[in-house]
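Shown next, in structure tokens, is the structure this report addresses.
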Amino acid sequence: MPNQTEFSPTQTIPYGRQTIGDEEIQAVIDVLKSPYITQGPAIEKFEQAVAAYCDVPYAVGFCNGTAALHGAYYAAGIGPGDEVITSSITFVATSNAVLYQGGKPVFADISPNSWNINPQEIACRITPKTKAIAPVHFAGSPVALDSIYQLADEHHLVVIEDACHALGARYKNTPIGHCRDMAVFSFHPVKSITTGEGGMVVTPHRHFYEKLLKFRTHGITKDSQQFKVFEDQPWQYEMQDLGYNYRMTDIQAAIGTVQMQKLDGFMERRSQIAQRYREAFRDIPAIQTQEETTGDASANHLFPIWIDVTKTPINRTQLFKALQNARIAPQVHYIPVHLQPYYQEHLRTKQGDFPEAERYHESCLSLPIYPTLSHEEQDYVIKTIKACLS
């Protein structure tokens, strides 16, 4: 453990946290003093900021990332009997939202170095029932989109990118969100930016945009040009589909608009932290870090490591507990979805189905990374890990 005369945290260092300043607080105050705290102009302003950043014409805000995923699957027409191929190394929301639509999640294994979904594994699982691919940009690292888009073109599939980790990332110098069909973001406090809770779907397609707008508001439209019956009545509205109340508030949107102005700075700081970790662990055989792809830029939402227990006397559980005792709060991302009891019972998934995902999960650990993590705190994390592994 680090020498007691060196830096020692007075509070636990979390794996992630929000970065909120006076500007966000003032933006919330301004909204609270305005005529609208929901369904007002702040939402469209935030949507426009995200759409512009991703270089797409359309963005639709939702109350959280899970709701945004649900909206994307709805807009893609996912329904009973349809299959959606995705990764098992993700939060359960990615596949749960397929189930909400009556569809079936089909998992594909990950690549052993990138820890992202393996396009070759996707290809093996495409059937006549497959309607979409939902690749996850795990930890903020872009998936191999060219290969996935090619598969989608060959089989006439929709691509719904789970980019909840990846706002601010770039694939071949193109922002994640500049998508083929749809991409989904989350604004949970540990993500690239936060709105407290919140989510968004971006798309280049007008027909997806219109479906998303209705879906988040009970399936209701007030656009008279979409009415089935045309009447000169300003109060007229129609419920044309079965939607949900998934609206974002102006309070959330006001925070998000300010956060978008800080996003590039957040990305630069996360990149610096990630690079310091990589340099610190480069010569430690027991630690594997996520593969970097030339020309891509991760959002560094997480900094996962994989511990090779054959090269150290300590395993992941022992390291996890040692870090906790040292006032460091790591996390495990993720328990593979196919090993969750619900999926084993209802989709008949089982241990051994996806060897690379299971191998990764057995020894992975996410280290603290967020814009306000100080050099002293990061050095303390690094020294503690090195001491434990030796």
Criterion: surrounded by fewer than 20 Cβ atoms within 10 Å (Cβ to Cβ) and within 30 Å of GLY21 (Cβ to Cβ) - qualifying residue of ARG216, ARG170: ARG170
Looking at ILE78, ILE85 in this structure, which one is within 18 Å of the chain's Cα centre (by Cα) and farther than 14 Å from PHE185 by Cα? ILE85
Flagged in the range 222-258 as in a helix (DSSP H, G or I), out of contact with any Phe, Trp or Tyr (no Cβ under 8 Å at 6 or more places or on another chain) and at pLDDT 95 or above, in numbering order, are ILE251, ILE255, VAL258
Keeping to the range 327-339, report how many residues are out of contact with any Pro (no Cβ under 8 Å at 6 or more places or on another chain) and crowded, with 17+ Cβ neighbours inside 10 Å. 5
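Here is a yes/no grid of residues against (1) surrounded by fewer than 18 Cβ atoms within 10 Å (Cβ to Cβ); (2) over 21 Å from VAL92 (Cβ atoms); (3) touching a Gly at 6+ places or on another chain (Cβ under 6 Å):
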residue	(1), (2), (3)
ASN113	yes, yes, no
ASN118	no, no, no
ILE126	no, yes, no
VAL136	no, no, no
HIS155	yes, yes, no
ASP162	no, no, no
ILE176	no, yes, no
VAL184	no, no, no
LYS191	no, no, no
Among the residues of the range 340-368 satisfying the criterion of being touching a His at 6+ places or on another chain (Cβ under 8 Å) and surrounded by 14 or more Cβ atoms within 10 Å (Cβ to Cβ), which is farthest from GLN318 (Cα to Cα)? LEU347
Checking the conditions here, which among ASP146, ASP153 is more than 30 Å from ARG269 (Cα to Cα), at pLDDT 95 or above and either not aliphatic (A, V, I, L, M) or not in a helix (DSSP H, G or I) (or both)? ASP153
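Would you please name the residue that is farthest from GLY71 (Cα to Cα), looking only at residues in the range 103-127 that are part of a strand (DSSP E or B) and of a type in the set (A, V, I, L, M)? Spell out the reasoning first.
Going residue by residue through the range 103-127, those that are part of a strand (DSSP E or B) are 104-108, 110, 117.
This time we only want the ones that are of a type in the set (A, V, I, L, M), so: 106, 108, 110, 117.
On the way: VAL106: 19, ALA108: 23, ILE110: 25, ILE117: 22 Å.
Ranking the qualifying residues of the range 103-127, first place goes to ILE110.
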Is it the case that the range 293-304 has a residue that's buried (at least 21 other Cβ atoms within 10 Å of the Cβ), at positive phi and not hydroxyl-bearing (Ser, Thr, Tyr)? yes
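Is the range 6-14 home to any residue that is of a type in the set (Val, Ile, Thr), surrounded by fewer than 19 Cβ atoms within 10 Å (Cβ to Cβ) and at pLDDT 95 or above? Break it down stepwise before answering.
Our first condition is that a residue be of a type in the set (Val, Ile, Thr); within the range 6-14, this holds for 10, 12-13.
Keeping just the survivors that are surrounded by fewer than 19 Cβ atoms within 10 Å (Cβ to Cβ) gives 10, 12.
Restricting the remaining residues to those that are at pLDDT 95 or above gives 12.
Yes, the range 6-14 contains at least one residue that is of a type in the set (Val, Ile, Thr), surrounded by fewer than 19 Cβ atoms within 10 Å (Cβ to Cβ) and at pLDDT 95 or above.
Yes/no matrix, rows are residues, columns are (1) touching a residue at least 60 places away in the same chain (Cβ under 8 Å); (2) hydroxyl-bearing (Ser, Thr, Tyr); (3) not assigned by TED's automatic domain parsing to the domain that holds ARG359; (4) not in a loop (DSSP other than H, G, I, E, B):
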| residue | (1), (2), (3), (4) |
| --- | --- |
| ASP30 | yes, no, yes, yes |
| SER34 | yes, yes, yes, no |
| ALA49 | yes, no, yes, yes |
| GLY79 | no, no, yes, no |
| ILE85 | no, no, yes, yes |
| PHE91 | yes, no, yes, no |
| SER95 | yes, yes, yes, yes |
| LEU99 | no, no, yes, yes |
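Condition (residue is under 30 Å from ILE273 (Cβ atoms) and touching a helix residue (DSSP H, G or I) at 6+ places or on another chain (Cβ under 7 Å)) applied to the range 137-145: is it met by at least one residue?
Within the range 137-145, the first condition is being under 30 Å from ILE273 (Cβ atoms), and the residues that meet it are 137-145.
Going one step further and asking which of them are touching a helix residue (DSSP H, G or I) at 6+ places or on another chain (Cβ under 7 Å), we end up with 144.
Yes, the range 137-145 contains at least one residue that is under 30 Å from ILE273 (Cβ atoms) and touching a helix residue (DSSP H, G or I) at 6+ places or on another chain (Cβ under 7 Å).
Residue by residue, here is whether (1) at negative phi; (2) in contact (Cβ under 8 Å) with a residue 40 or more places away in the chain; (3) in the same structural domain as PRO189 (by TED's automatic domain parsing) holds:
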residue	(1), (2), (3)
ALA254	yes, yes, yes
ARG278	yes, no, no
THR312	yes, yes, no
GLN318	yes, yes, no
LYS321	yes, no, no
GLN331	yes, yes, no
Taking the range 56-73 and keeping residues buried (at least 24 other Cβ atoms within 10 Å of the Cβ) and in a helix (DSSP H, G or I) leaves GLY65, ALA67, ALA68, LEU69, HIS70, GLY71, ALA72, TYR73
Pairing a residue in the range 127-154 that is farther than 19 Å from LEU302 by Cβ and of a type in the set (Asp, Glu) with any residue that is at pLDDT 95 or above and assigned to a loop (DSSP other than H, G, I, E, B), where Cβ atoms lie under 9 Å and the two sit 6 or more apart in sequence or on different chains, gives ASP146/LYS172; ASP153/ARG180; GLU154/ILE126
Can you tell me which condition PHE266 does not meet? The list is (1) of a type in the set (Phe, Trp, Tyr); (2) touching a residue at least 24 places away in the same chain (Cβ under 8 Å); (3) loosely packed, with under 15 Cβ neighbours inside 10 Å, and all the others hold. (3)
State which residue is farthest from ASP162 (Cα to Cα) when the search covers only the range 77-94 and only residues that are in contact with a Ser or Thr (Cβ under 9 Å, 6 or more places away or on another chain) and hydroxyl-bearing (Ser, Thr, Tyr). SER88
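The values are calculated or read from the model by the stated rules, or taken from the named source; none is laboratory data. Quantities reported herein were computed from a predicted structural model and do not represent experimental measurements. For neighbour counting, all protein chains shown are included, and Cβ atoms are generated from backbone atoms with ideal geometry for every residue, glycine included.
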